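See below for the structure under consideration.
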Amino acid sequence: MKKTPSILLWILPVVSGVLFVTLWYAVRSGSGLQSWILPTPGEIIDAAWREHTRLLRAAGNTMVGALAGFLLAGTLGFATALLLGVSRSLRAGLYPWLLVLQMTPVIVLTPIIVLWAGPGLPGIITVTWLISFFPIVANMTQGLVSTDMNHVALFRMANASRLQEMLLLRVPSAMPYYLAGLRIAATLAPIGAIFGEYMVGNSAGGSGGLGFLVYSYNTQIKIPALFATALTSCLLGFIFVAAVSLLNWAVLHKWHDSYERDDH
C-alpha cells in the first residue's frame with residue numbers, strides 16, 4: 001500500500017476545518033438565528049478574547065482536578081489490572097463489579113461523593129477518577145491476558161516464576177494496551193473534572209473552574225461565552241492527549257510495530 005505523504009496528513013484536517021466553519025456560517029446566515037442561539041465562530045473567538053482572563057484562570061483550576069484524577073486513575077488502574085491479570089479466578093470474581101461501577105451513572109453517585117470525599121477539589125478528583133478509571137483497567141487487563149503464548153511457554157520452560165513472567169513478559173507486552181487506555185482516559189479526564197466542578201465544585205476564593213463558568217454563563221445566557229468555555233475545554237483535552245501521545249512515543253517508538261510500519 002502506498003504511504004500517505006506527510007504534508008497531506010497536515011493539510012486534510014485544515015481543509016475539513018475550513019469546510020466545517022464555512023458550513024457553520026452558511027447555516028447561521030440561511031437560518032436567521034440570533035447569536036444567543038447559534039453564535040458564529042467569529043463571535044465565539046471574540047467572546048473568548050473578552051473573557052480570556054476568567055477562562056485561563058478557570059482552565060488552570062480545572063487542570064488541577066483533571067490531572068490529579070487522571071494520575072490517580074492511571075496508578076490505580078495499572079495496579080488493579082495487575083491484580084486481575086494474576087489469575088482467571090480473580091478476574092471472574094472482581095471484573096463484574098468493576099463493570100457495575102462503570103455502568104452506574106456518576107450523577108447518581110454525586111451525593112455520596114459529596115458526603116465521602118467532600119465538595120470542592122476532593123470531590124472533583126473523585127469524579128474524574130471514576131470516569132477515567134475503567135478504560136485503563138479494561139485495556140491493561142486485555143493486554144496482560146493477550147500475551148503471546150509462545151513467549152509464555154518459553155518463560156515457563158526456563159522455570160521463570162509467576163512474578164518474573166508478569167513483570168518481565170506480560171507487563172511489557174501489555175504496555176501498548178495500557179497506553180491506549182491512558183489515551184482514552186486523557187480525553188475523559190477534563191470532561192470528568194468539568195462535570196465534577198458543575199456538580200460538586202464551588203467557586204470559593206475565586207477558584208471556580210470551567211464547570212463553574214458553564215453554570216455562570218448559562219444562567220446569564222451568555223451563549224458565545226459558553227461556546228468559548230467549550231472551546232477552552234477542548235484545548236485542555238488536546239493538551240492531555242498530546243502529553244499521553246508523547247509518553248506513548250517515548251515508550252514504544254524503539255520497539256513496537258506501530259512505529260515501525262509504513263503501510264498506513
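The values are calculated or read from the model by the stated rules, or taken from the named source; none is laboratory data. The structure presented is a predicted model; accordingly, all values stated were derived computationally and were not measured. Here the Cβ is made from the backbone with ideal geometry for all residues, glycine too, and neighbour counts use every protein chain on show.
Annotations for the structure displayed:
- Qualifying residue in region 209-226 (condition: among the polar types (S, T, N, Q), at pLDDT 85 or above, surrounded by fewer than 16 Cβ atoms within 10 Å (Cβ to Cβ) and outside any helix (DSSP H, G or I)): yes
- Residues of region 46-67 classified as hydrophobic (A, V, I, L, M, F, W, C) and closer than 13 Å to THR229 by Cβ, total: 6
- Test: residue in region 243-257 that is β-branched (Val, Ile, Thr) and modelled with pLDDT under 90: yes
- All positions within region 152-172 that are farther than 14 Å from PHE78 by Cβ and in a helix (DSSP H, G or I): VAL152, ALA153, LEU154, PHE155, ARG156, MET157, ARG162, LEU163, GLN164, GLU165, LEU168, LEU169
- Hey, SER29 surrounded by 10 or more Cβ atoms within 10 Å (Cβ to Cβ) and among the polar types (S, T, N, Q) or not: yes
- Some residue of region 24-33 being at pLDDT below 90, out of contact with any helix residue (DSSP H, G or I) (no Cβ under 7 Å at 6 or more places or on another chain), among the polar types (S, T, N, Q) and more than 30 Å from PRO122 (Cα to Cα): yes
- Of residues in region 72-86 being within 19 Å of the chain's Cα centre (by Cα) and buried (at least 16 other Cβ atoms within 10 Å of the Cβ), the one nearest to MET175 (Cα to Cα): PHE78
- Residue in region 128-148 that is acidic (Asp, Glu) and outside any helix (DSSP H, G or I) present: yes
- Verdict on MET166 being over 30 Å from LEU231 (Cβ atoms), buried (at least 17 other Cβ atoms within 10 Å of the Cβ) and at pLDDT 90 or above: no
- Considering only residues in region 111-127 that are in a helix (DSSP H, G or I) and touching a residue at least 40 places away in the same chain (Cβ under 8 Å), the one that is surrounded by the fewest Cβ atoms within 10 Å (Cβ to Cβ) turns out to be VAL114.
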